[in-house]
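I have placed the structure first, in the form of C-alpha cells, so that the comments after it can refer back to it.
Rule-based calculations on the coordinates, nothing more; no lab input. Quick caveat: nothing in here was measured; it's all calculated off a predicted structure. With ideal geometry, Cβ positions are generated from the backbone for all residues, glycine too; neighbour counts draw on all protein chains shown.
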Amino acid sequence: MLRIENLHANAGDEPILRGVNLVVRPGEVHALMGPNGSGKSTLANVIAGRPGYDVTAGSVSLDGVDLLALPPEERAQQGVFMAFQYPIEIPGVSNMEFLKAALDSRNAAQGRPELSAVQFLKLARAAAERLGLGPEFGKRGVNEGFSGGEKKRNEILQMLLLEPRLALLDETDSGLDIDSLGTVAAGVNAFAGEDNAIVLVTHYARLLEHIVPDHVHVLVAGRIARSGDKSFALEIEAKGYGWLTAPA
Amino acid sequence: MNASTAQAFRDSALRHATRYAPWLDRRPSRDALADATLPEPRCEAWRHTNPNRWYGAERPARRQRLDARGPPNIRVIPFEEADAEDRHRIGQHLNATLDRARYPLANVNDLLLDQGVLIRVPRAAAPAELLLGDLGGGYERALVLVEPGAECVLTERPAAPRQRVVELVVGAGATLRHIRLQPSSDAVEHHLVSAQVGAGATYRVAQHGCGSPLRRCDLHIAASGAGAEIAVRTAYRLGERQHLDTHIAVDHAAPNVVSRQVARGAVGAAARAVFDGRIHIAPKAQGADATLTAKHLLLAPDAAAYAKPELEIYANDVQCAHGATVGDLDANALFYCRSRGMDEAAARQLLVMAFLAEALGDAAPEAAQALLGMQR
Amino acid sequence: MSGPNAAVGERLAQDYAAGFVTDIESETLPPGLNEATVRFISGKKSEPAWLLAWRLQALARWRKMTAPQWAHVTFPPIDFDAISYYSAPKQGPKSLDEVDPELLRTYEKLGIPLHERAALAGVETPQVAVDAVFDSVSVVTTFKEKLREAGVIFCPIAEAVRECPELVQKYLGSVVPQSDNFYAALNSATFSDGSFVYVPKHTRCPMELSTYFRINAANTGQFERTLIIADEGSYVSYLEGCTAPMRDENQLHAAVVELVALDDAEIKYSTVQNWYPGDEQGRGGIYNFVTKRGACLGARSKISWTQVETGSAITWKYPSVVLRGDGSVGEFHSVALTNNRQQADTGTKMLHIGRDTKSTIVSKGISAGRSQNAYRGRVLMNPGASGARNYTQCDSLLIGDECGAHTFPHIESRTPEAIVEHEASTSKVSDEHLFLCAQRGIDAEKAVSMIVNGFCKEVFRELPMEFAVEAGKLLEVSLEGAVG
C-alpha cells in the first residue's frame, strides 16, 4: 500500500533523510521511533507534502500512485492524512466550516456525493462527542485557543471524519495528559481496520501501550536502523536509543 | 504660472454653481471654496491617490433617481420638495458637522448639488429601518437627523456617485447603526460621511465591499458628547486594478468616549488599498478608550497596501492602541487546509473569508457577505 | 482627582547641568549666508576645488527649497541670515598640550575623557577614543595612534578631506544627497566640521569611538557632518553626545550623518542628545534639525541606531536605514523624552529593497509638562524585497494632562512576500503603580523616574554600558518638576 524506497530529503539545505525504505500493508499499524532529530517528523511531513522540504532522491507511492508528484491536497484526496505535531490555529474559520470544506473536497475528488448539511452535522457531532469535545467546539475557530489536548483530539476527529487510507500520526501523544491519551488512543483504535494503515511517529513507548503496533522501526540519522515487533518497543523503553547506531 | 488641475476645478465649480434648490444659502461654501486649497497630487491626505483623476473624471449623465425609503413615521424629504420649515431645518444643519478645513472637497458639494435629501428619525417604540440607495450618481447629499433617544438602522447602497456627502447628527442617547454597501463600480468616486455623535449616543458604522478605478472614502466621526460609543468596521476585497482609499478619523471631543476601529482588506492583482485611520483625543476628552486594528492581505505579486494608523493625543487619562499588519496568507494555515484535501484556491478562499470576517462582526448582513464573495 | 498624578503641573526650575558658557576667544564669521560665506568656510579648511564646487552646488539647491512644514512642531520662521555659520577657538590646537586650558576644563566639566593619559591611567574605565567638536571645529581627537595601528581612520572630516580624499569624495552625499531635504542642503553648503571614520576590511574597531558636540558661541549654528564607512566584514561602535550653554535665543543645529556598511559589516551608532532644551517658559534652546541615514549597501550588513533624546527645544530627526544588501538588517531603538515646552518629532525610516532584509523599530516616547512628542515612521517594502520583515513597537507614556503624544507610522508594502507588523500604545503612568510605590514609601518623583526607566529598559539595553548609566541619569534630571 505505502511503499517508500531510498528516500532522501533536505529541510532547507540540511540533509535529514538519508535513504529510508519502508513498506506498509493494509491493516497494519507501524510505530516509527527514534531520538530527537532523527528524521521521524520530517518523514511524515515529506509524505504529506509540506513546503520547505526537498526530496533529493527516492520515491514514495500509495497504492501505486507516485505521491511525490502530487500537491498536498491531492495526496490527501488519495487518502493520506497527517495528524500534525503542532496543529495550526486558524482564527475566524470555524471547526464545522473547516471540516465540511475538507469533507466536500474529498468527496468531490473521489466522485462521491456531497453530504447534506444535516448528514454532515450528525456525523461531526457524533465524532466530537466520542472525542470529548464539547458542543461549543463546532463554532470555535479551528484550534483557536484550544489546549494542547484539545488540539490533538481535534486532529483525531478530522481523521475519523475523513477516513483516510493511510494515517500518519506525528507525535500525537506529546503534550497529552493521561485522560486525553486514553481518548485519543480509543479514537485511533476505532479507526484502525483491514482497509487502512497507521504509522505512529513517537519518541516514547507510552502510546504503544494503548495502540499496539505490528511493526516497530527505529530511525537514526535519517535511516531505519532496526525494525522489530512490539517487544522491540519495550526493549527501547528499557535501554534508550544510545545503543542503536545508523546503518553503514 | 499655469493653474493646477485642482485650481482649475475649483474655479470651474465657483463659476458653474447649480440652480438646484435655489433657496439654499450657498455663500458659506462659496467663500470657503474660494479660500480653500483643494488637494494637490502627493499632498499628505492624498499621498497614494491622485486627486487629479477625480477632478478630471467625466461627470456622469444626470439620472433622475431618488431611492430613499423608510417606514411611514420617518420623514424622507428631497430638498426640492422641502417646505419652509424643512428648508429652515436644512439651513440650520447642512454643513454644520463638516470640518471644511480637513475636507475641502466637500465645499464643492452644495455648489454642484444634483440631489439632496433630508431624513428625520424621531424617537419611536421600534427601531426604524431606512434605505438610502441611488441618488442619481452626480453630486449627492444626505442630511440625517437622528433625534435624541431615537433608534435606527440606515443601510446605504450608493450607485457609483461622483460625490456623496452624508451628514449625520446623532442626538443624545440615540443609536444609529449605519451600513454602507459598496459593490465594484467603473466610476471615479468620492464619499464623505461626517457624523456628530451626542452624549451617551451610539454610532456603529460598517462599510463593506469592493473598489473601483478610484474610490476615496472619508469617514469623519466626532464624538462630541460625553460617554458616546463609536464603532467603525470595514472589510474590503479589491479586484484587479481597483483602487480604494479609506480615510477614517475618530475625534474624541468629550470625556469617556469609547471607540473601536477594525479594518480588513484583501488586495488582488495590480490593486491598491490605502488606509488611514486616525484617533484624535482632545485635551478635555479624559477617560478615552480607543483602539484600531488594520490588517491587509496582498494576494498577488503586484498588489500594494499603504496603511497609516495615527494617534494624536492631548489628554493623559487615556488607553489607546493601534496595530497594523501587511502580508500574505499564513503559509502554515494554507498547508493545513491543503493537507485536509482542499485545493489551493479553495484553501485561499476559506482563509481570506475568515480574515475579512474579523471586520464583519456578528451582525453582518448577508448582503455584505455576498459583496465580499463570502457566500458559503 | 487626587494622588500624585493630580499634583502634576507644579514644575520646578529645571537644572540643566551642561548650561555654562565657556569664555574663550573665538574667531566668528559675521551672520549671513551667501557664496562668500561658503567660500570662506571652504578656504579656512584649505579644501580642494571639487569640495568647494560641491558646496556651492548645495547652496544653489538650498536656495530653491523651502523648509519642511509637515512635522508636528511649531516655531517662528528662522532667519537664516541672522546665523553665523562659522566659529572657531582662535588658538588652533596642534596637539593636546596646546589646547586652550579653558576648553579642556569645559570638557572636564562635561565629564568627557579627553586626556588620553587620564583615560589610560584609569584601568577600570573602558577605552573610548574621542573627537570633540567645539562650535564649528574639531578640537582634539584622542587615541589616534592606537587606532592607526588597527588601520582605523578616526579624525575630523576636514582632515579626512586632505588625508583620504578618494573615500570622502566617493561617499560624501551618497547616503544623504544634497537635495534630500532643506536642512541637509543647508548642511552640505556650510558644514564646518564633524567626524570621519573608516574601518578597513575584516577589522573590529578596537575601542568605542565617540564624538562630543558642543555649541558655545552665541548666535551660532552648528552644521557638522559625520561620515562612517565600515568596509567588508568590519565592526564599529560609535557614540555621540551633545550639549550647549543656556541661552535665551534659539540656536540651530543642522547636522548630517551618513553611514555606509559594506558586505557583512556592522555599524552601531548611539546618541545621547542633551542639547539645551530651553527654560520652562520655552525661551531659548536648540533647534535640532538633523538628517541621519545609513545605507546597508552590502549583503548581510547591519546598521543599528540607538538614541536617547532628552534635550533641544525642537527635535526633527529620523535616523533611517536603506536596506539594499540582501539579508541586511536595520534597527532603531529610541527614547525621546520631552518636558516643559519641548517639541519632538522623531522616528525612523526603514526602506527594504534587498531580499530577506529585516528591520526592528522600538520607540519609547515620554511626554511631560506642556510638551509635544511625536513618533513618525515609514516602513517601505519594495517589490523586490521578498522575505523581508519589519516589526515595529511604539509606546507613549503621558505625565500630566497638558502634554501631547502622537504616533504617525506610514506602512507601504508592495510585495506579498514581505511581512510588516506594527503595534502602538499610549497610556499614562498608572495610578495603581504610583499608589503601590507610595504605599512602599517611595515618593512620587522617584516612583515616576523608576517607572520611566522601566518603560525605557528595552532601549537602554542597546546602549554601551557607560552611556546607559548616563542616559538613566539624564532622564531623571529631565523629568525634574514633571511630578509635584
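Ranked by the mean number of other Cβ atoms within 10 Å of their residues, highest first, the peptides A:89-99, B:203-213, A:190-200, A:59-69 come out as B:203-213, A:89-99, A:190-200, A:59-69. Other protein chain C-beta atoms within 10 Å of residue C-beta, averaged over A:65-75: 3.
In region B:6-330, taking the dipole from charged Cβ atoms about the Cα centre, the farthest positive-side position among B:L181, B:A57, B:P127 is held by B:A57. Assuming charge only on the beta carbon of Lys and Arg (+1) and of Asp and Glu (-1), the dipole of region A:2-239 about its Cα centre is about 120 debye to the nearest 20. Springs between alpha-carbon pairs under 10 angstrom, Gaussian network model over chain A: which of A:N36, A:N154, A:N143 fluctuates most? For chain A, modelled as a Gaussian network with Cα springs under 10 Å, the answer is A:N36. Per-residue shielding of A:82-93, expressed as the average number of other chain Cβ atoms within 10 Å of the residue Cβ, stands at 5.
Given the pairs A:K152/A:K230; A:K152/B:K295; C:K268/C:K317; C:K268/C:K358; C:K201/C:K268, which are separated by over 19 angstrom at their Cα positions? Pairs exceeding the cut-off: A:K152/A:K230; A:K152/B:K295.
Largest GNM mean-square fluctuation across B:R157, B:R69, B:R15, computed for chain B with C-alpha springs under 10 Å, falls on B:R15.
Just want the answer: with Cβ charges of +1 for Lys and Arg and -1 for Asp and Glu, which residue in A:L32, A:Q119, A:H210 is farthest toward the dipole's positive end in region A:2-239? Final value for the positive-end residue is A:Q119.
Along the charge dipole of the protein assembly as shown, Cβ charges K/R +1 and D/E -1, which of A:L219, C:T310, C:P416 sits furthest on the positive end? Selected residue: C:P416. Ellipsoid fit via the Cα gyration tensor, region B:6-330: semi-axes of 28, 26, 19 Å, each the root of five times an eigenvalue, largest first. Around the Cα centre of the protein assembly as shown, unit charges on the Cβ atoms of Lys, Arg, Asp and Glu (plus for the first two, minus for the last two) sum to a dipole of about 2360 debye.
Within straight-line reach of C:K44, meaning a Cα separation under 16 Å, sit the following lysines at least 8 residues removed in sequence or on another chain: C:K90, C:K94.
Amide H contacts under 5 Å for C:E27: C:A88, C:K90, restricted to partners 5 or more places along the chain or on a different chain, H placed in the peptide plane at 1.01 Å from N.
Please compute the contact order of region A:9-155 in relative form: average sequence separation of alpha-carbon pairs under 8 Å and at least six residues apart, divided by the residue count, as a percent. Before the final figure, lay out the partial values.
Numbers: 126 pairs, mean separation 32.2, N = 147.
The value is 22 percent.
How do A:103-112, A:205-214, C:223-232 rank on mean C-beta neighbours within 10 Å, highest first? Write down the numbers at each step before the final one.
Values: A:103-112: 15.7, A:205-214: 18.4, C:223-232: 24.3.
For the peptides A:103-112, A:205-214, C:223-232, the packing ranking is C:223-232, A:205-214, A:103-112.
Across B:A45, B:A68, B:A226, mean-square fluctuation computed from a Gaussian network of chain B (C-alpha pairs under 10 Å connected) peaks at B:A45.
Which pairs, out of C:K292/C:K446; C:K64/C:K457; C:K144/C:K473; A:K40/A:K151, put more than 32 Å between their alpha-carbon atoms? Over 32 Å apart, Cα to Cα: C:K292/C:K446; C:K64/C:K457. Could you give the angle, 0 to 90 degrees to the nearest 10, between helix B:344-360's Cα long axis and the longest principal axis of the Cα atoms of chain B? The two axes meet at around 40 degrees.
What is the average number of partner chain Cβ atoms found within 10 Å of a Cβ in B:298-306? List each step's numbers first, then the result.
Details: counts 7, 1, 2, 6, 4, 4, 7, 7, 6.
Mean partner-chain Cβ count within 10 Å for B:298-306: 5.
Beta bridges per DSSP, both residues in the protein assembly as shown: antiparallel share near 20 percent.
Given +1 on the Cβ of Lys and Arg, -1 on the Cβ of Asp and Glu, and no further charges, what dipole in debye does chain B carry about its Cα centre, rounded to the nearest 20? Intermediate results must be reported in sequence, preceding the final value.
Details: 44 positive and 43 negative charges, 96 e Å.
Roughly 460 debye, rounded to the nearest 20.
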